[in-house]
Structures are given as structure tokens and as C-alpha cells.
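Have a look at the structure below before the remarks.
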Amino acid sequence: MRYVVSIAEQAVEIDVEPRPGGGYVVRGPEGRESVVHSLEQRPGWVSLLVDGQRVSVLPGEAEVRVQGERHTARAENWQQHTTARAKARDLGETRALSAAMPGRIVRVLCQAGERVSANAPLVVIEAMKMQNELRAPRDASVRAVHVEVGRTVERGALLVEFE
């Protein structure tokens, strides 16, 4: 099953498949595989062993702890994610601009606090030697810009947030 996992401000697609001997194989965006086993469940917490490293997850609070650091996280299956995005787009409620493909940021054409019009170019991303302009989905104010020129991003990475 394919999931979209958002940790902090990064979103990645992962594939999760059960293993015949127990546990799961998790395949990340670059094709890297990890083996995950459930260790224990305490009230509200789930402990996992991911490639030999213990990860604690607090599902109700959408919190993940890795090596003592807390991160907010959200996971939804691909169908839920796609449906929610389509609904928001149909209602004109798009609150963020995400990378439609992996690539390198070559231009950032907006800044926090700026008012932008629908269809205004906001970010130019280079993928497979082609430059693609990502445009504002609606009239909005830019709340935050999460990328800078020269940075590489994965598909689904948060680029710009709107108010």
C-alpha cells in the first residue's frame, strides 16, 4: 500500500508491504528499502524497530521520536491524500504549493507577506533538464517560503504556504 508521510514540513511517498516472516518492507522515494518490526505497545505509544533503530510513535498526537528528537508526523494512504488535495483544490482552499516532481530550485519569485494573484509564477524547479514554473493556485497571501535557489527537493516537498 502506498502512503504519503509528512514529517515536519517534508512529505514523501512510501510503499509498505508485509513480509512473509513478519514485519514490513518500507520502500522510500529513492527506492531505498527498510525493514520494520513492531516491538511493543504501551498506552498510547507504539515502538518500532526500523533497520535496527528504535522509533517511538504516538499515533493519537501525530508525534514521532527518533534518537530523542520529537517530530510532528502525519500519514495517510495515497487515495486519502489525493482525494483531500482534490477537494481542497476544487473548493479553492489550497493552503500550500508542493513540488510535483523531484528537482532543483532555480528561482524563487515570491516572499513571505507578499500578496499573489491566481496563476502568478512562484517557484521555478528544474527536473530532467527542463524548467517548470509552479504557479499560485488562487489569489492569496504568502505565509512562508520553504525553499531557496539551489536546493534540491523531492516530489511532494512543501515549497510555499498561503494564508
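Return yes or no: is Arg151 modelled with pLDDT under 90 and not assigned by TED's automatic domain parsing to the domain that holds Ile14? First the steps, then the outcome.
Numbers: modelled with pLDDT under 90: no; not assigned by TED's automatic domain parsing to the domain that holds Ile14: yes.
When the stated conditions are applied, Arg151 does not pass them.
Those residues that are touching a residue at least 40 places away in the same chain (Cβ under 8 Å) and of a type in the set (Lys, Arg), I need them from the stretch 1-57; list them, please. Give the steps one after another, and end with the answer.
Restricting attention to the stretch 1-57, the residues satisfying the condition of being touching a residue at least 40 places away in the same chain (Cβ under 8 Å) are 1-13, 29.
Correct list: Arg2 only.
Considering each residue of the stretch 1-52, count those that are closer than 30 Å to Val145 by Cβ and acidic (Asp, Glu), and give that number. Spell out how you get there, then give the answer.
Start the filter on the stretch 1-52 by keeping residues that are closer than 30 Å to Val145 by Cβ, which leaves 2-14, 28-32.
Imposing the further condition that a residue be acidic (Asp, Glu) reduces the set to 9, 13, 30.
The qualifying residues number 3.
Listed residues Ala86, Ala11, Ala75; which is within 30 Å of Ala140 (Cα to Cα), at pLDDT below 70 and part of a strand (DSSP E or B)?
Working: Ala86 fails: part of a strand (DSSP E or B); Ala11 fails: at pLDDT below 70.
Just one listed residue meets the conditions, Ala75.
Tell me yes or no: at least one residue of the stretch 134-146 is of a type in the set (Ser, Thr, Tyr), outside any loop (DSSP other than H, G, I, E, B) and either modelled with pLDDT under 90 or buried (at least 16 other Cβ atoms within 10 Å of the Cβ) (or both).
no
Show the residue pairs that are 6+ apart or on different chains and have beta-carbon atoms under 6 Å apart, the first residue being within the stretch 113-124 and outside the structural domain of Arg138 (by TED's automatic domain parsing) and free of Cβ contacts under 8 Å to residues at least 60 places away in the same chain, the second being of a type in the set (Lys, Arg) and surrounded by 13 or more Cβ atoms within 10 Å (Cβ to Cβ).
Going by the 6 Å Cβ cut-off, there are no qualifying pairs.
Only one residue in Ser141, Ser117 is out of contact with any strand residue (DSSP E or B) (no Cβ under 8 Å at 6 or more places or on another chain), of a type outside the set (A, V, I, L, M, F, W, C) and over 23 Å from Ile14 (Cα atoms), so which one is that? It would help to see each step written out before you state the result.
Numbers: Ser141 fails: out of contact with any strand residue (DSSP E or B) (no Cβ under 8 Å at 6 or more places or on another chain).
None of the other options fit; the residue is Ser117.
The values are calculated or read from the model by the stated rules, or taken from the named source; none is laboratory data. Treat the numbers as computed from the prediction; the structure is a model and nothing was measured. Because the Cβ atoms are built from the backbone with ideal geometry, glycine has one as well, and the counts that use them run over all protein chains shown.
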